[in-house]
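The values are calculated or read from the model by the stated rules, or taken from the named source; none is laboratory data. As the structure is a computational prediction, the values presented were derived from the model and not from experiment. No Cβ is skipped: glycine too gets one built from the backbone with ideal geometry, and neighbour counts run over all protein chains shown. These area figures cover heavy atoms from the full protein model, side chains too; ligands, DNA and RNA do not enter into them. Shrake-Rupley method; radii C 1.70, N 1.55, O 1.52, S 1.80 Å.
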Amino acid sequence: MAAPLDMETPTLSLELLPTDPLLLILSFLDYRDLISCCYLSRRLNQLSNHDPLWKRHCKKYWLISEEEKSKRNQSWKSIFISTYCDLGRYIHYYATLKKAWDDLEKYLGQRCPRMIGSLKESVREEDLDAVEAQIGCKLPDDYRCSFRIHNGQKLVVPGLMGSMALSNHYRSEDLLDIDTAAGGFQQKLGLKQCLPLTFCIHTGLSQYMALESVEGRNKYEIFYQCPDQMALNPSAIDMFITGTSYLEWFTSYVNKVVTGGYPIIRDQIFRYVHDKECVATTGDITVSVSTSFLPELSSVHPPHYFFTYRIRIEMSKDALPEKACQLDSRYWRITNAKGDVEEVQGPGVVGEFPIITPGRVYEYTSCTTFSTTSGYMEGYYTFHCLYYKEKFFNVTIPRFHMVCPTFKVSTARMVSSNAETNHNEYAVDEDEDSTDTDEYEDRRRVLDIPAPSGRCPRHT
């Protein structure tokens, strides 16, 4: 029988809805909306306090594990709120930076334990506020957030931000603690309102972060300074850019380290970049190359871009014993960005004539310079067989490219020369040829590099 037309349809209310569907809906809300629900009705207030709802937010934003919750002996909601009260301003950065730090500590703890021992504990919020008052500039939240996790490291070797070693040149960059960084805050022309992030005690090299958009820099841009050697104005400082923000700069570096992109050599991180396609196999011998740009030995004016490369020569462990051979000479074909070609031949490598046997690896480092912002090298080694001394053969060295990072030219120089005020990547007119510096190659295998001081012989 049909219901009477005048019968009212009952109003659907929250009080009548079952609990489980409502909890499911609430589980999709972000923490802000979940808190807002507490003020809408008594029922929603009760459901929003359901502790499992806050578990997801604790893990997403604060990386709180079940084990840590057990140690705290608090509810998920209590943990979220107490952490938010302390770190709430960093909620969009904390999980990313905390994961980066955790991954880095785990990776280095197994490979560079003494480096882990140099890390400092976190700083307090009031310490960061005091630094802002001291330097008169606001620190970016991602930078502050990182220092709430670790306050950089002690001024020791090895540096957390990577090393580089050549025969007469050594660099190892420490991540500065907040007080040391504040002490190096710059107000001089060319580096106005720039804060150092790293420091090398051997070379004095630092990476800086611009805290304001002045002198042609973007706010929070990270760079190596490069004094213009041809300018009369000492404030003419060019920049090799290494990051657009602290978050991008730090996390991209950590990712390179923990994924094996940078090799660990004698308890140090070496910032060599290896292109997986830069490998060549000739018979039983494989040659691979990794490269690195050295800003501290480079300049934009005059155009002089310094690169180092690390070569690995390996004979297959399955090769027959009679395949043992010795390297006699090298041949290089060096091409700069203008297409100019230079050919170089010479005996041995780094003054040595290594013997390669099945399963053996020989590695060495060398360097080269270009007057253009990029270039590439390729060539071959000539070997002779130890068992058949009259038999000679060539082993291919794969082509490997070297590219200078993006840089900006100084506004001081551009104004003084009436140049265009365009501070995007700058292209220079280079006239010099590249130079192979194999005669200055490291005379120790890379695995036995000590920590020399000074500069590469070419630049003394």
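Tell me, what is the FRET efficiency for Ser374 and Arg266 to the nearest 0.05, using R0 = 25 angstrom and their Cβ-Cβ distance as r?
0.25
Roughly how many percent of the accessible protein surface of region 19-89 is carbon and sulfur, given a 1.4 Å probe and a whole-percent answer?
Carbon and sulfur atoms account for 54 percent of the accessible area of region 19-89.
Quick one: dipole size for region 264-355, taken about the Cα centre, charges +1 on Lys/Arg Cβ and -1 on Asp/Glu Cβ, in debye to the nearest 20.
220
If you place +1 on the Cβ of every Lys and Arg and -1 on the Cβ of every Asp and Glu, how big does the dipole about the Cα centre of the chain come out, in debye to the nearest 20?
1200
Send over a whole-number figure in Å² for the accessible area per residue of region 94-258, probe 1.4 Å.
38
In Å and from the alpha-carbon atoms only, list the Rg and Dmax of region 323-398.
Cα only, region 323-398: 14.4, 45 Å (Rg, Dmax).
Going by Cα centres, region 169-230 and region 242-261 are how many Å apart?
When both Cα centres are located, 18 Å separates them.
Beyond 33 Å, how much of the Cα-Cα pair distribution for the chain remains, as a whole percent?
In whole percent, the share of Cα-Cα pairs in the chain beyond 33 Å is 51.
So what is the diffusion coefficient of region 19-89 in µm² per second by Stokes-Einstein at 4 °C and 1.567 mPa s, using a Kirkwood Rh over Cα pairs?
104
Using a 1.4 angstrom probe with every protein chain in place, what is the largest-first accessible-area order of Thr96, Thr259, Thr291?
Putting Thr96, Thr259, Thr291 in descending order of accessible area: Thr259, Thr96, Thr291.
Whats the longest run of the chain with zero chymotrypsin sites (Phe, Trp or Tyr not before Pro) that are DSSP loop and have at most 12 other Cβ atoms within 10 Å?
Free of exposed loop sites, the longest segment is 40-386.
Rounding to the nearest 10 and keeping the result within 0 to 90°, find how far the Cα-based axis of helix 52-62 lies from the longest principal axis of the chain.
Taking the Cα atoms of the chain, the angle to 52-62 is about 30 degrees.
With N residues in region 224-334, what two-decimal value do you get for its Cα radius of gyration over 2.2 N^0.38 Å?
After normalising by residue count via 2.2 N^0.38 Å, the value is 1.47.
Skip the ligands, DNA and RNA, and give the accessible area per residue of region 19-89 with a 1.4 Å probe, whole Å².
Value for region 19-89: 61 Å² per residue.
Using a 1.4 angstrom probe on heavy atoms only, work out the carbon and sulfur share of the accessible area of region 190-349 in %.
The computed percentage sits at 48.
For region 273-407, what's the relative contact order in percent, using C-alpha pairs closer than 8 Å and at least 6 residues apart?
That works out to 29 percent.
Amide H neighbours of Lys120 under 5 Å, at least 5 residues apart or on other chains, H built in the peptide plane: list them.
Amide H neighbours of Lys120, under 5 Å, 5+ apart: Asn151, Gly152, Gln153, Lys154.
Which is farthest toward the positive dipole end of the chain among His202, Leu247, Leu47, measuring Cα position about the Cα centre, with Cβ charges +1 (Lys, Arg) and -1 (Asp, Glu)?
It is Leu47, whose Cα lies furthest towards the positive end.
Name the residue farthest towards the positive end of the dipole of the chain from the options Thr411, Pro354, Gln268, assuming +1 on Cβ of Lys and Arg, -1 on Cβ of Asp and Glu, about the Cα centre.
Farthest towards the positive pole: Gln268.
Just subtract the alpha-carbon distance of Glu212 and Ser78 from 0.36 nm times their residue separation and send over the number in nm, one decimal.
Gain in length upon complete extension: 44.4 nm.
Restricting attention to the alpha-carbon atoms of region 94-258, what are Rg (one decimal) and Dmax (integer), both in Å?
Answer for region 94-258, Rg first and Dmax second: 15.8, 50 Å.
Give me the angle, in degrees from 0 to 90, between the Cα long axis of helix 246-258 and the longest principal axis of the Cα atoms of the chain, rounded to the nearest 10.
It is inclined by approximately 60 degrees.
Counting pairs of alpha carbon atoms under 8 Å apart in space and at least six apart in sequence, what relative contact order in percent does the chain give?
Computed value for the chain: 12 percent relative contact order.
Scan the chain and report its longest stretch carrying no GluC sites (Glu not before Pro) that are both in a DSSP loop and have at most 11 other Cβ atoms within 10 Å.
Result, exposed sites excluded: 122-389.
Among Tyr364, Val279, Ile25, whose Cα sits farthest toward the positive end of the charge dipole of the chain (+1 at Cβ of Lys/Arg, -1 at Cβ of Asp/Glu, about the Cα centre)?
Ile25
Taking a probe of 1.4 Å, how large is the accessible area per residue of region 340-412, in Å²?
Dividing the accessible area of region 340-412 by its residue count gives 42 Å².
Give a residue-ordered list of calculated ³J(HN,Hα) values for region 329-342 (Karplus: 6.51 cos²θ - 1.76 cosθ + 1.60, θ = phi - 60°; whole Hz; x for Gly, Pro).
Per-residue couplings from phi come out as 7, 10, 9, 10, 10, 10, 10, 8, 5, 8, x, 5, 10, 10 Hz.
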